[in-house]
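Colleague: Structure provided below as structure tokens; questions to follow.
The values are calculated or read from the model by the stated rules, or taken from the named source; none is laboratory data. From a predicted model like this one, the values you see are computed outputs, not experimental measurements. Note: ideal-geometry Cβ built from the backbone for every residue, glycine included; neighbour counts use all protein chains shown. Side chains are part of the model used for accessible areas, which takes the heavy atoms of the whole protein and leaves out ligands, DNA and RNA. Shrake-Rupley method; radii C 1.70, N 1.55, O 1.52, S 1.80 Å.
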Amino acid sequence: MSDSHGTSGEDWADARGALWLAELDSYEQMLELLGIALLDRAALENGQHVADIGCGGGRTSRLAAHLVAPEGSVQGVDIAPMLMAEATRRAEAEGLRNLRFSTGDAASFVPEGAPFDRLLSRLGIMFFADPAAAFANLRRLLKDGGQADFAVWAAPQDNVWMSGARAIVAEHIELPVADPLAPGPFALADPDRFASLLRDAGFSQVDMQAWYGPIRVGGTGSDAAKAAEFSLRAFSFATVLVGAEAGLEEAIREKVIAFFRQFETPDGVQVPGKAWLVRAMA
Ligand SMILES: C[S@@+](CC[C@H](N)C(=O)[O-])C[C@H]1O[C@@H](n2cnc3c(N)ncnc32)[C@H](O)[C@@H]1O
């Protein structure tokens, strides 16, 4: 099920996963700095066995595989089979021998190699229909004393790279009211709620750090037109534009281009974003 902010695991296994695959390079460039911040904070070491949850095309998994080599390994898990096929292809092309991918719903799936020393996730854990059950499963994937490092988006108003374009669309087409707790990119934006979920699932020493950084909408070096085109094609709320009359779509596009123009820099569009880097111990 999907609304203007919401995206569930089922969506990812199907149309949403296919769209992420079609836009994979742009998405991964957009999220690169957040991934680096996550890995810096995780400080992985040679010999550790890591699971990357909701790993998508596997960029973070590949970086992690280098960090734990030669003796450690990474197991990427994702609900979208087409993303696991592409992640496998990319890891093989890079010659990585300590990285595997499995298709599964992280809410219940137990991948080969569990329990792990470490769990990682860049934005792959906000889509669970039953977060309490899902985090209990993630806890079981960690050895006692193991560490989880997650990155999740902060509130929509702190992430205008998405909410700005959404607000423009909403001026013209009625969007469903976004349920802040429904599965979707902002489902874990409330740090107190997220910390409670983790504690109830058996994690301890929950530590949250705010991350602020530029979001390169449309990928590295994009301009306002490219950022607008990307957001109206790739963000989940944009599905309401399918079938819209051409004049309306054009009017929205022009406004979204104007919105992104204020964030153009010599290095491309860079819109301020905020995420939470969350560490928890098992
Ligand atoms: C926003 S994307 C992030 C992908 C990747 N971590 C990255 O940063 O490039 C969210 C990912 O979570 C995956 N996902 C969503 N629900 C899931 C679930 N229940 N179990 C496993 N993966 C899930 C999606 O298929 C998608 O690849």
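Colleague: If the requirement is being more than 21 Å from GLY17 (Cβ to Cβ), in a strand (DSSP E or B) and open to solvent by less than 40 Å² (accessible area, probe 1.4 Å), which of these qualifies: GLY213, GLY164?
Modeller: GLY213
Colleague: Using the structure shown, decide if ARG118 is more than 10 Å from the ligand (Cβ to nearest atom), over 21 Å from LEU198 (Cβ atoms) and not aromatic (Phe, Trp, Tyr).
Modeller: For ARG118, the condition - more than 10 Å from the ligand (Cβ to nearest atom), over 21 Å from LEU198 (Cβ atoms) and not aromatic (Phe, Trp, Tyr) - is not met.
Colleague: Scan (1) closer than 16 Å to GLU28 by Cβ; (2) open to solvent by less than 50 Å² (accessible area, probe 1.4 Å); (3) away from the ligand (no atom under 16 Å from the Cβ) for the single condition SER73 breaks and write down its number.
Modeller: (1)
Colleague: Scan the range 39-52 for residues that are crowded, with 21+ Cβ neighbours inside 10 Å and in a helix (DSSP H, G or I) and jot them down.
Modeller: ALA42 - this is the single residue of the range 39-52 that is crowded, with 21+ Cβ neighbours inside 10 Å and in a helix (DSSP H, G or I).
Colleague: What is the residue count in the range 53-68 for residues that are among the hydrophobic types (A, V, I, L, M, F, W, C), farther than 15 Å from ILE125 by Cα and either in contact (Cβ under 8 Å) with a residue 60 or more places away in the chain or open to solvent by less than 40 Å² (accessible area, probe 1.4 Å) (or both)?
Modeller: Adding up the residues that qualify gives 3.
Colleague: Give the residue that is nearest to the ligand (Cβ to nearest atom), with candidates limited to residues of the range 23-38 that are surrounded by fewer than 20 Cβ atoms within 10 Å (Cβ to Cβ) and touching a residue at least 60 places away in the same chain (Cβ under 8 Å).
Modeller: The selected residue is GLY35.
Colleague: Among the candidates ALA132, ALA91, single out the residue that is more than 30 Å from PRO180 (Cβ to Cβ) and either part of a helix (DSSP H, G or I) or touching a Ser or Thr at 6+ places or on another chain (Cβ under 7 Å) (or both).
Modeller: Result of the check over ALA132, ALA91: ALA91.
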